[in-house]
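Q: Structure provided below as structure tokens; questions to follow.
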Amino acid sequence: MHPMTAANLRNAYGGESMAHMRYGVWGDKAEREGFPNTARLFRAIASAETVHAGNHFRELGNEAGDFLCASMAAFGLGTTSQNLQGGINGETFEINEMYPVYLESAKFQEEKGAQRSFQYALAGEKTHAALFQKAKEAVDAGRDVELGPVHVCQVCGWTHEGELPDVCPVCGAKKDKFQTFA
């Protein structure tokens with residue numbers, strides 16, 4: 001594997017791993033503040049971030065050793081509104097900055113597995129940003145977000161609120177590959 005693609009996979013793995021942990025903590029805070037649906041959303045998206053991190057890690061294959069990873073991450077435990085804004089900011093960074101560059105680099109270096117992993121994550125992050133925005137608007141209005149079941153594809157991390165699709169529109173996985181947060 002090209003060193004640049006490997007570094008991008010490691011950095012993305014680090015960012016997704018931290019997002020998983022951060023969203024879990026922020027979900028607990030939302031629960032304490034009386035926003036159970038927002039808490040459920042944070043937990044569902046935390047699960048999706050675990051899928052993304054696992055895909056990146058697996059694509060590294062035999063790349064082993066100790067590495068310093070640079071990953072964008074929000075720190076701090078604010079109000080649920082502030083935490084949702086942190087989620088929106090992080091997802092937007094990944095959508096507009098990180099994954100497009102990582103994807104183009106993997107294409108240039110003809111790293112097909114990395115391309116797939118980055119494409120899966122990019123598609124998922126777009127849904128995460130929209131769901132966090134929906135939740136923030138509700139929380140800022142003093143109410144919990146109205147939210148149906150949230151489904152997370154355990155193959156690619158695509159996240160969907162509402163009726164479970166027959167197949168994932170990103171990776172084609174069948175509905176039995178989804179984890180549901182109801």
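Q: So, in segment 145-176, of the ones that are of a type in the set (Asp, Glu) and in contact with a Gly (Cβ under 8 Å, 6 or more places away or on another chain), which residue ends up nearest to TYR120 (Cα to Cα)?
A: Taking segment 145-176 first, the residues of a type in the set (Asp, Glu) are 146, 161, 163, 166, 176.
Filter once more, so that each one left must be in contact with a Gly (Cβ under 8 Å, 6 or more places away or on another chain): 161, 163.
Values: GLU161: 17, GLU163: 21 Å.
Per the stated criteria, the residue is GLU161.
Q: Considering only segment 149-182, state which residues are part of a helix (DSSP H, G or I) and either of a type in the set (Asp, Glu) or loosely packed, with under 13 Cβ neighbours inside 10 Å (or both).
A: Step one: filter segment 149-182 for residues part of a helix (DSSP H, G or I), giving 175-177.
Passing the criteria: only ASP176.
Q: Determine which member of the set ALA74, ALA46 is within 24 Å of VAL150 (Cβ to Cβ) and at pLDDT below 95.
A: Of the residues listed, the single one that is within 24 Å of VAL150 (Cβ to Cβ) and at pLDDT below 95 is ALA74.
Q: Scan segment 131-148 for residues that are more than 17 Å from the chain's Cα centre (by Cα), within 24 Å of VAL51 (Cα to Cα) and surrounded by fewer than 18 Cβ atoms within 10 Å (Cβ to Cβ) and report the count.
A: Number of matching residues: 1.
Q: What pairs come out if I take residues in segment 153-182 that are over 18 Å from THR50 (Cβ atoms) and pair them with residues that are assigned to a loop (DSSP other than H, G, I, E, B) and aliphatic (A, V, I, L, M) whose C-beta lies under 7 Å away, six or more apart or interchain?
A: From residues that are over 18 Å from THR50 (Cβ atoms), the pairs are GLU161/LEU147; VAL167/ALA173; LYS175/LEU164.
Q: On to the next question. Name the residues in segment 108-120 that are of a type outside the set (S, T, N, Q) and within 16 Å of ALA7 (Cβ to Cβ), would you?
A: Hits for segment 108-120 are PHE108, GLU111, GLY113, ALA114, PHE118.
Q: Within segment 1-49, take every residue that is without any contact (Cβ under 8 Å) to a residue 40 or more places away in the chain and in contact with a Gly (Cβ under 8 Å, 6 or more places away or on another chain) and give me the one that is nearest to GLU111 (Cα to Cα).
A: My answer is ALA46.
The values are calculated or read from the model by the stated rules, or taken from the named source; none is laboratory data. Model, not experiment: these values are computed from the prediction. Cβ atoms come from the backbone with ideal geometry, glycine included; neighbour counts cover every protein chain shown.
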